[in-house]
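Only one structure is covered here, and it is reproduced in the block below.
The values are calculated or read from the model by the stated rules, or taken from the named source; none is laboratory data. Being a predicted model, the structure only gives us computed values, none of them experimental. In this analysis, Cβ positions are derived from the backbone assuming ideal geometry, glycine residues included, and neighbour counts consider all displayed protein chains. These accessible areas exclude ligands, DNA and RNA; they are computed on the full protein's heavy atoms, side chains included. Shrake-Rupley method; radii C 1.70, N 1.55, O 1.52, S 1.80 Å.
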Amino acid sequence: MDYGGCEYLVPCGKDKYISKNELLLHLKTYNIYYEGQNLQLRHREEEGELIVEGLLNISWGLRRPIRLQMQDDNQRIRPPPSSSSWHSGCNLGAHGSVLKPSTLPDIQVTDAEAMPNTEAPGSCAATKSQPEETPQLMRTRSDVGVRRRGSARTPSEQRRIRRHRFSINGHFYNHKTSVFTPAYGSVTNVRINSTMTTPQVLKLLLNKFKIENSAEEFALYIVHTSGEKQKLRASDYPLIARILQGPCEQVSKVFLMEKDQVEEVTYDVAQYIKFEMPVLRSFIQKLEEEEDREVKKLMRKYSILRLMIEQRLEEISEGPTAM
């Protein structure tokens, strides 16, 4: 990669800029740290504008549950004929052509609770062997089951349905719930570029996992091991902020957190967070003693000034009388 170039300013937030050369030096350090890994970043120029792109690691720091968009794994989703996605649900012919509607299987929708047991004997055994409350959860769109009329699923279909599950960091969800809280500190990532602001990155992350909550409920924070928490503003660029913080996540991480649950912690305050209470009390005692000394010093200073003013006023008032 070419990390040189002409000198000009790159925006990194509202009324905040960094020179291109300085940013490229940070980027070079970042890529050396992640050499041989998919977290390395690439950069290019478009119409004279420097653009950096790649994966950004984001840690889950949520305290309240979030809601997944509900989708039934058994439901067929038919995108436009131009789609060639293998999981689109289209019934395609050998050459990719869409088969006539008459060739599509006839299906009916029934209540999941009232669905009769029409499974094949082989699949029944597999179903009974699974506990009713499994640790793996799968999200669904509705509480209805979709089955073929007059036919039972084969064991291979049952295995395919069980495999087709949506996960966040290895956590799966079943049809009984679409509300969950990701494990605190678990990491995900999104592919972004340096022109994307904080709200855009939030929306991209929520869309990736089909989360129903509004992006307005959340914020991105840079959390340091020292305890310092810096909120990224709406005008900030998270990828540039990550580059400037350095690549090591043992020093600082980007967290997704609730706006109303987290307060920013400045560097000055963060210095005292990890101290024990006796140490903090001794700090307070020393500060109070210093405060008392300063107060006494000011009182002495102004007492002297007051005496000087009073003496001068007496001299002025005695002068005309003596004349």
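Observations on the model:
- Hits in region 234-252 - residues which are free of Cβ contacts under 8 Å to residues at least 60 places away in the same chain and not in a helix (DSSP H, G or I): 234, 250, 251, 252
- Residues being part of a helix (DSSP H, G or I) and aromatic (Phe, Trp, Tyr) - total across region 265-310: 3
- Selection status of residue 267, under 30 Å from residue 43 (Cβ atoms) and out of contact with any Cys (no Cβ under 9 Å at 6 or more places or on another chain): yes
- Number of residues in region 189-213 that are assigned to a strand (DSSP E or B) and either open to solvent by less than 10 Å² (accessible area, probe 1.4 Å) or of a type in the set (A, V, I, L, M) (or both): the value is 3.
- The residue that is least open to solvent (accessible area, probe 1.4 Å), counting only those in region 240-278 that are closer than 24 Å to residue 186 by Cβ and among the polar types (S, T, N, Q), is 252.
- Unique residue being in contact with an Asp or Glu (Cβ under 9 Å, 6 or more places away or on another chain) and either modelled with pLDDT under 95 or of a type outside the set (Asp, Glu) (or both) when the list is 245, 230, 261: 230
- Selection count, region 217-228, where residues are without any contact (Cβ under 8 Å) to a residue 40 or more places away in the chain and either buried (at least 17 other Cβ atoms within 10 Å of the Cβ) or assigned to a helix (DSSP H, G or I) (or both): 1
- Within region 279-303, residues that are surrounded by 10 or more Cβ atoms within 10 Å (Cβ to Cβ) have Cβ atoms under 9 Å from residues that are of a type outside the set (S, T, N, Q) in these pairs: 279/272; 280/272; 283/272; 283/275, counting only partners at least 6 apart in sequence or on another chain.
- Residue count for region 18-48 satisfying the condition of being modelled with pLDDT under 90 and open to solvent by 90 Å² or more (accessible area, probe 1.4 Å): 1.
- Of 102, 88, 82, all but one fail to be over 26 Å from residue 205 (Cβ atoms), in a loop (DSSP other than H, G, I, E, B), at pLDDT below 80 and of a type in the set (Ser, Thr, Tyr); the exception is 82.
- Residue list for region 230-239, restricted to those being of a type in the set (Lys, Arg) and open to solvent by 60 Å² or more (accessible area, probe 1.4 Å): 233
- Qualifying residue in region 245-263 (condition: among the small types (Gly, Ala, Ser) and touching a helix residue (DSSP H, G or I) at 6+ places or on another chain (Cβ under 9 Å)): yes
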